[in-house]
Amino acid sequence: MKKLIAAALIAVMTLSLAACGSKEAEEPATATTPDTETAPETETDKEEEPQENQEPAATPDADGGAYGEFTTVTDGVLTMGTNAAFPPYEFYEGENIVGIDAEIAELLAEKLGLKLEIVDMDFTAIITSVQTGKVDMGLAGMTVDEERLKNVNFTDSYATGVQVIIVKEDSDIQSVEDLKGKLIGVQEGTTGHSYCKDDYGEENINALTNGATAVQALVNGKVDCVVIDEQPAISFVEANEGLKILETEYVVEDYAAAVSKDNDGLKDALNAALKELKEDGSIQEILDKYIKSE
Ligand code: ARG
């Protein structure tokens, strides 16, 4: 597996070198790749003359098209790991997982010539699933964060998020300062969880499985507040009577897709596709569709 990726990487490097203008490198990339497991094509393999001055194919192609060479867990499929209790980024509409991340992933897959498959899992399982090759990418309103960077790489960011505090309408918590000594509900393994742990101590935290259960705990009076990302907070407050979001912002962060440290090919391909989707306004369109500006 590793070898395959390494070979693919060398091929990508060779390809991009070729694309950088040296007209000597007219052979397909593999032919100039030194020391890979596959025997380089020999001079006698001249059955079909390669076409003069070949540019990389312009059509998306998992085997080295406009987005370079990359591998996916399942051929022809982009497998996305997420935790679909996080509206408007990912949530269920009937049987289907929809939302900002689902729509962005759909466009990314389309660009790369892949079929999208979404796997719903606990948020805490996403990074491991990326690392162990169960999924190609984690896309889950996931914040780029130093701890996670020890285990995975992140693509460029596609959105920003803000940690906010949800309380009951009649709560005596009015700002971040009032959180001291309160029981704080968080989604287990999220950045909100780790900030609160650092600032208020684990003993003051009730870590729930996901955003929906954390908000349920608040509704049921099991916690005094919930620290969660702003857009999900807005969705949950809309869906539940008697809750409000405090004006104070707790922390601002960047969302990106998590990919394996062993798959820079995929990271580069996703970044190239993301760049196009940002430039042509598609990402903004999706964000605007789900996020109402005040
Ligand atoms: N942005 C926060 C983090 O990365 C929360 C993300 C939770 N996402 C989800 N799909 N449940 O830790």
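The values are calculated or read from the model by the stated rules, or taken from the named source; none is laboratory data. What you are looking at is a predicted structure, and each value in this text was computed from that prediction instead of being measured. Neighbour counts run over all protein chains shown; Cβ positions are idealised from the backbone, glycine included.
From the list V162, V167, V176, V98, the lone residue that is of a type in the set (A, V, I, L, M, F, W, C), in contact with a Cys (Cβ under 6 Å, 6 or more places away or on another chain) and within 21 Å of I228 (Cβ to Cβ) is V167.
Selection of first residues in the stretch 204-224 that are acidic (D, E) and of second residues that are not in a loop (DSSP other than H, G, I, E, B), restricted to Cβ pairs under 9 Å at least 6 apart or on distinct chains, gives the following pairs, ordered by first then second residue: D224/V167; D224/K168; D224/L179; D224/I184; D224/G185; D224/L218. Using the structure shown, decide if E203 is charged (D, E, K, R), out of contact with any Ser or Thr (no Cβ under 6 Å at 6 or more places or on another chain) and at pLDDT 95 or above. Considered against the rule, which asks whether it is charged (D, E, K, R), out of contact with any Ser or Thr (no Cβ under 6 Å at 6 or more places or on another chain) and at pLDDT 95 or above, E203 comes out as yes.
Based on this model, can you work out whether G138 counts as at pLDDT below 95, over 20 Å from S282 (Cβ atoms) and either crowded, with 22+ Cβ neighbours inside 10 Å or touching a helix residue (DSSP H, G or I) at 6+ places or on another chain (Cβ under 7 Å) (or both)? In short, no.
Count of the stretch 170-203 residues, restricted to those that are more than 12 Å from the ligand (Cβ to nearest atom) and assigned to a helix (DSSP H, G or I), is 10.
Tallying residues that are in contact with a strand residue (DSSP E or B) (Cβ under 6 Å, 6 or more places away or on another chain) and within 12 Å of the ligand (Cβ to nearest atom) within the stretch 227-254 yields 10. Just a yes or no: is a residue in the stretch 270-289 surrounded by fewer than 17 Cβ atoms within 10 Å (Cβ to Cβ), of a type in the set (K, R) and out of contact with any Asp or Glu (no Cβ under 9 Å at 6 or more places or on another chain)? No, the stretch 270-289 contains no residue that is surrounded by fewer than 17 Cβ atoms within 10 Å (Cβ to Cβ), of a type in the set (K, R) and out of contact with any Asp or Glu (no Cβ under 9 Å at 6 or more places or on another chain). Would you say F154 is of a type in the set (F, W, Y), farther than 24 Å from Y67 by Cα and surrounded by 17 or more Cβ atoms within 10 Å (Cβ to Cβ)? Spelling it out, it is not the case that F154 is of a type in the set (F, W, Y), farther than 24 Å from Y67 by Cα and surrounded by 17 or more Cβ atoms within 10 Å (Cβ to Cβ). Restricting the stretch 126-150 to residues that are of a type in the set (A, V, I, L, M, F, W, C) and out of contact with any Phe, Trp or Tyr (no Cβ under 8 Å at 6 or more places or on another chain) leaves a set whose member that is farthest from Y89 (Cα to Cα) is L149.
Exactly one residue among G242, G201 is more than 27 Å from the chain's Cα centre (by Cα), in contact (Cβ under 8 Å) with a residue 12 or more places away in the chain and on the phi > 0 side of the Ramachandran plot, and that residue is G242.
Taking the stretch 234-269 as the range and being surrounded by fewer than 24 Cβ atoms within 10 Å (Cβ to Cβ), in a helix (DSSP H, G or I) and of a type in the set (A, V, I, L, M) as the test, the residues that pass are I234, V237, A239. Within the stretch 118-135, if we keep just the residues that are more than 11 Å from the ligand (Cβ to nearest atom) and closer than 15 Å to D262 by Cβ, the residue that is surrounded by the fewest Cβ atoms within 10 Å (Cβ to Cβ) turns out to be T132.
Within the stretch 94-111, the set of residues being away from the ligand (no atom under 15 Å from the Cβ) and either on the phi < 0 side of the Ramachandran plot or surrounded by 19 or more Cβ atoms within 10 Å (Cβ to Cβ) (or both) comprises E95, N96, E106, L107, L108, A109, E110, K111. In the condition set (1) within 17 Å of K267 (Cβ to Cβ); (2) out of contact with any Ser or Thr (no Cβ under 9 Å at 6 or more places or on another chain); (3) away from the ligand (no atom under 15 Å from the Cβ); (4) of a type in the set (G, A, S), S157 is compliant with all but (3). Answer with yes or no whether E90 is at negative phi and within 15 Å of the chain's Cα centre (by Cα). When the stated conditions are applied, E90 passes them. Filtered by the rule that a residue be hydrophobic (A, V, I, L, M, F, W, C) and surrounded by fewer than 21 Cβ atoms within 10 Å (Cβ to Cβ), the stretch 213-233 gives A217, V219. Residues of the stretch 105-133 being touching a Ser or Thr at 6+ places or on another chain (Cβ under 8 Å) and either in a helix (DSSP H, G or I) or not aliphatic (A, V, I, L, M) (or both), which ones? L107, G113, E117, D120, D122, F123, I126, V130, Q131, G133, listed by residue number.
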